[in-house]
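As structure tokens, the structure follows; a few thoughts come after it.
The values are calculated or read from the model by the stated rules, or taken from the named source; none is laboratory data. Since we're looking at a predicted model, the values are computed, not measured. Cβ coordinates were reconstructed from backbone atoms using ideal geometry, including for glycine residues, and neighbour counts include every protein chain displayed. We work out accessible area using only protein heavy atoms, side chains counted, and drop any ligands, DNA or RNA first. Shrake-Rupley method; radii C 1.70, N 1.55, O 1.52, S 1.80 Å.
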Amino acid sequence: MDSLKITRTQHSKLKGVDFNNLGFGTTFSDHMLVCDYKHGQWGKAEILPFQSISLMPSAKIFHYGQSIFEGMKAYKDQDENTWLFRPEENFKRLNKSAKRLAIPELSKAVFFEGLKALLKLDNAWIPNAPGSSLYIRPIIFATGDGFHASPADAYRFLIATAPSGPYFSGQVKVLIEQTYSRSANGGVGFAKAGGNYAAQFYPTQLAIEKGYNQVIWTDDTTHEYIEEAGAMNIFIRINDTLITGPTSDRILDGVTRKSIIDIAKSEGIPVEVRKFKVSEVINASQKGSLKEMFGAGTAAVVSPISAYGFKGKDFELPVIENPYASLIKKRITSIQTNKSDDPFGWRFKV
Ligand SMILES: *Cc1c(COP(=O)(O)O)cnc(C)c1O
């Protein structure tokens with residue numbers, strides 16, 4: 001790729017940031033990467049100061065929701081080296097999402113050279129406190145305009161980053177959804193399409209009104225099978241076995257999910273990737289064999305669930321010693337932050 005044009009900010013916000021009190025995705029770094037697609041091809045990427053974007057009211061992103069995103073993190077180790085975790089997986093998934101939304105696919109060079117240049121320029125924005133990281137948001141959205149319901153002829157690829165503190169989810173109480181669906185066969189549930197999340201908000205609000213924090217999505221046809229936990233993959237532990245559903249049209253292929261499967265196997269934990277029913281979970285709860293339930297995703301790595309509700313009844317998860325969730329989180333974050341060796345070759349040095 002040709003050398004990237006960089007326009008540095010004249011007003012760095014870095015000094016005003018309290019790195020000891022970072023939220024999650026609420027403070028934004030000084031720069032962003034942008035690359036536009038027009039006349040049938042992706043142009044040159046450039047780095048600009050983080051700023052607002054001007055679009056026509058007729059831009060198709062507003063009307064037809066042609067937009068996708070990725071979520072990844074950069075970590076700093078004690079020697080100030082910068083690391084990414086399995087970024088190739090995010091690149092591949094971005095293009096998988098692009099294809100499903102009729103968005104032109106992006107070249108690997110634009111993604112990786114752009115991301116590396118951005119991380120070098122905004123290196124001081126990557127926190128190194130334990131649990132902190134630079135959250136990275138690559139997005140592609142339709143900038144081309146017209147009211148005609150067809151794919152746009154212009155798009156923007158953009159990467160924005162946000163220094164973020166540890167993601168504390170607290171005691172998560174979830175509601176097993178019996179009415180709404182996150183995704184359907186033949187749909188876009190496997191893609192990180194912006195609209196998937198908009199469609200989750202209302203059912204999630206209803207669950208919050210009932211005293212829960214999050215929704216557990218079930219299959220759209222029968223609502224009998226457990227599929228995901230909010231915008232995370234889900235794992236349950238029955239006795240000593242870790243179980244998660246197989247990826248499909250409806251279940252997103254999470255990088256954290258597949259990393260957990262590999263780590264659990266390497267720890268000698270029995271892992272089953274298979275469909276599982278709400279009834280199996282409830283039976284296990286009643287017998288006392290349901291030991292753990294947790295969400296898995298880049299933001300929190302693992303997010304333990306303390307209780308779940310189903311048809312008006314609440315079921316508590318037991319408090320156990322040495323949960324898999326803690327062991328797995330520790331192993332993954334140690335690899336991510338270069339605190340342990342990396343037997344799987346997942347770390348990527350920037
Ligand atoms: C992003 C996402 C996940 C988690 O994917 P990671 O690659 O682990 O961050 C799981 N489910 C849904 C619906 C998602 O959007």
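How compact is the chain by the rule of thumb for globular proteins, expressed as Cα Rg over 2.2 N^0.38 Å?
The reported ratio for this selection is 1.02.
Given the options Gly114, Gly131, Thr7, identify the residue whose Cα lies farthest towards the positive end of the charge dipole of the stretch 5-164 (+1 on Cβ of Lys, Arg; -1 on Cβ of Asp, Glu).
In the stretch 5-164, that residue is Gly114.
Okay, helix-only estimate at 222 nm for the chain: each DSSP H run of n ≥ 4 adds -39500 (n - 2.57), divide by all residues, round to 500 deg cm²/dmol; what do you get? Please report the intermediate quantities before stating the final value.
Working: 7 runs with 84 residues, N = 350.
Calculated mean residue ellipticity at 222 nm is -7500 deg cm²/dmol.
With +1 on each Lys and Arg Cβ and -1 on each Asp and Glu Cβ, and nothing else charged, work out how big the dipole of the chain is about its Cα centre, in Debye to the nearest 20.
For this selection, approximately 240 debye.
Please work out the average accessible area per residue across the stretch 5-164, using the 1.4 Å probe convention, and give it in Å².
48 Å²
Per residue of the stretch 167-184, what does 6.51 cos²θ - 1.76 cosθ + 1.60 with θ = phi - 60° give for ³J(HN,Hα)? Whole Hz please, x for Gly and Pro, Karplus curve as stated.
8, 8, 9, x, 7, 9, 10, 10, 10, 7, 6, 10, 10, 8, 10, 7, 7, 9
Before anything else, pin down the relative contact order of the chain: Cα pairs under 8 Å, at least 6 apart, normalised by residue count, whole percent.
18 percent
When the accessible area of the chain is computed with all protein chains present and a 1.4 Å probe, what percentage of it is carbon and sulfur?
C and S fraction of accessible area: 51 percent.
To the nearest 20 Debye, how big is the dipole of the stretch 5-164 about its Cα centre, given +1 on the beta carbon of each Lys and Arg and -1 on that of each Asp and Glu?
Values: 20 positive and 15 negative charges, 56 e Å.
In total the dipole reaches around 260 debye.
Can you pick out the pairs among Lys15/Lys173; Lys76/Lys108; Lys275/Lys349; Lys38/Lys76 whose Cα atoms lie more than 29 Å from each other? Display every interim value, and only then the final one.
Working: Lys15/Lys173 38 Å; Lys76/Lys108 23 Å; Lys275/Lys349 36 Å; Lys38/Lys76 36 Å.
Over 29 Å Cα-Cα: Lys15/Lys173; Lys275/Lys349; Lys38/Lys76.
Give the residue list of GluC sites (Glu not before Pro) in the stretch 19-80 that are DSSP loop and have at most 13 other beta-carbon atoms within 10 angstrom.
Here the sparse-neighbourhood loop sites are Glu80.
Checking the table Lys44/Lys339; Lys60/Lys277; Lys73/Lys96; Lys44/Lys120; Lys92/Lys120 against a 30 Å threshold on Cα-Cα, which pairs fail?
With Cα atoms farther than 30 Å apart: Lys44/Lys339; Lys60/Lys277.
Counting heavy atoms of the protein chains only and a 1.4 Å probe, report the per residue accessible area for the stretch 172-336 as a whole number of Å².
Details: 6840 Å² over 165 residues.
In whole numbers, the stretch 172-336 has 41 Å² accessible per residue.
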